[in-house]
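Single-structure report; data block below.
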Amino acid sequence: MPVSSRKIALMGTKIVTKIWHEDPEPILDQVDHLLFMYKDRFSANDPDSELMQVNHAAGSHPVTVAPDLFELIALGKKHSSVPGSHLNITIGPLIQTWRIGFSDARRPSQAEIEEKLAVIDPSDIILDSEQLTVFLRKKGMAIDLGALAKGYIADKIVDHLKRAGVQKGLINLGGNVLTFGVADHHPTADWMIGIQHPSAPRGTNLAIVRIKSGSVVTSGVYERTFTVEGKTYHHIFDQETGYPVVSELASLTIVSEHSVDGEIWTTRLFGKTPREIFDEVNQTEGIEAILITHQNELIVTNGLLQRVIYPL
């Protein structure tokens with residue numbers, strides 16, 4: 001069966017959907033529709049999105065949201081509240097102050113940073129599961145779902161594709177790859193997912209991971225950067241300091257069944273030492289990891305040792 005693919009620019013990245021199906025175009029049209037719907041619902045950069053309605057009402061009143069947005073915010077709050085987690089979905093005020101990845105990026109003053117640090121406590125998200133309302137307790141708060149939305153969306157798209165009768169496919173949301181079905185187009189019947197070399201041009205792989213199906217999510221400090229007065233800042237923030245996190249890692253890849261889990265764990269763990277990440281992943285069921293240091297050293301957790309290829 002021939003493969004058909006569709007590429008669109010959305011959510012700050014290029015999204016590629018590949019499916020093996022006899023009548024692919026109507027299905028790919030449906031995927032595009034879903035992607036735009038989720039963008040309009042989850043975006044922290046679109047002033048008219050449903051999420052931004054919640055943010056605009058911070059300190060004022062609860063907002064009723066769609067069930068999937070409520071589910072995603074609840075999931076984000078849960079993982080943001082775990083002791084030692086580096087995920088914090090209320091970090092939106094810091095992200096919007098620095099604007100790294102946008103043309104108006106800047107380094108804010110220490111006073112601005114401290115002002116934003118005062119409103120990034122996930123315990124100030126008040127959820128009503130019966131009314132499906134979200135209330136941000138403090139004025140100036142803002143939820144940013146960028147650390148987990150792409151994974152959630154990828155899972156939802158694959159669920160839709162399966163319901164539409166697609167037996168095999170892949171969706172790539174820029175650093176977030178989710179596959180399903182048997183890759184019988186490849187001699188080993190494995191999906192071969194490249195892990196970007198952090199200091200090489202885009203498309204250069206430092207490693208390749210073989211998976212039967214599932215998710216490969218990579219987060220790296222090289223993805224979006226901003227340089228001022230000779231110092232380069234990246235887009236992964238430390239909720240304690242208000243500055244980009246200081247890490248021995250250039251990138252962290254999580255391999256899991258569901259893409260949203262990969263998104264969550266790359267952010268929860270980024271900022272810990274490689275040893276801490278290695279030990280925690282090995283002790284956590286359902287996830288594996290590939291760590292790449294700034295010296296391009298690879299650290300692979302136990303469950304992936306036989307599934308990583310080194311092409312260079």
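The values are calculated or read from the model by the stated rules, or taken from the named source; none is laboratory data. Keep in mind the model is a prediction, meaning the values are calculated, not measured. The area values use the complete protein model at the heavy-atom level, side chains included, leaving out ligands, DNA and RNA. Shrake-Rupley method; radii C 1.70, N 1.55, O 1.52, S 1.80 Å.
Some notes on this structure:
- For SER213, the accessible area of its heavy atoms, probed at 1.4 Å with every protein chain present, is near 70 square angstrom.
- As computed over segment 178-227, the Cα convex hull volume per residue (Å³): 81 Å³
- Mean separation of Cα contacts under 8 Å, 6 or more apart, over the residue count of the chain: relative contact order %: 17 percent
- Global size of segment 1-52: 13.1, 42 Å for Rg and Dmax (C-alpha atoms, Rg to one decimal, Dmax whole).
- Once the Cα gyration tensor of segment 192-271 is diagonalised, semi-axes √(5λ) in Å: 25, 17, 8
- Pairwise centroid distance, computed over Cα atoms, of segment 232-290 with segment 132-186, Å: 18 Å
- When the chain is treated as a GNM with alpha-carbon contacts under 10 Å, the residue of THR188, THR90, THR179 showing the greatest mean-square fluctuation is THR188.
- Size estimate for segment 54-162 follows the Kirkwood approach: the inverse of mean 1/r over distinct Cα pairs works out to 14.9 Å.
- These residues, GLU276, GLU115, go from largest to smallest accessible area, 1.4 Å probe, as GLU115, GLU276.
- Square roots of 5 times each gyration tensor eigenvalue, C-alpha, segment 1-110, largest first, Å: 32, 18, 15
- Considering all different alpha carbon pairs of segment 68-125, the Kirkwood hydrodynamic radius works out to 12.5 Å.
- The P(r) of the chain has a tail past 30 Å containing 34 percent of all C-alpha pairs.
- Reciprocal mean inverse distance between Cα atoms of segment 136-284 - Kirkwood radius, Å: 16.9 Å
- Using the Cα coordinates of segment 211-258, the gyration tensor eigenvalues translate into equivalent-ellipsoid semi-axes of 28, 12, 8 Å, sorted from longest to shortest.
- The figure for LYS14 is an accessible area of roughly 140 square angstrom, using a 1.4 Å probe on the protein chains alone.
- Taking amide H atoms as placed 1.01 Å from N in the peptide plane, the amide H of TYR233 lies under 5 Å from those of PHE226, THR227, VAL228, each 5 or more residues away in sequence or on another chain.
- What the phi angles of segment 283-290 give under the Karplus curve with 6.51, -1.76 and 1.60, with θ = phi - 60°, is a coupling list of 9, 10, 6, x, 9, 10, 9, 10 Hz, glycine and proline written as x.
- Cα extents of segment 73-222 along the three principal axes, largest first (Å): 57, 45, 30
- Segment 1-72-segment 194-209 distance, computed between alpha-carbon centres (Å): 27 Å
- Computed over protein heavy atoms with a 1.4 angstrom probe, the accessible surface ordering of ILE126, ILE292, ILE8, largest first, is ILE126, ILE8, ILE292.
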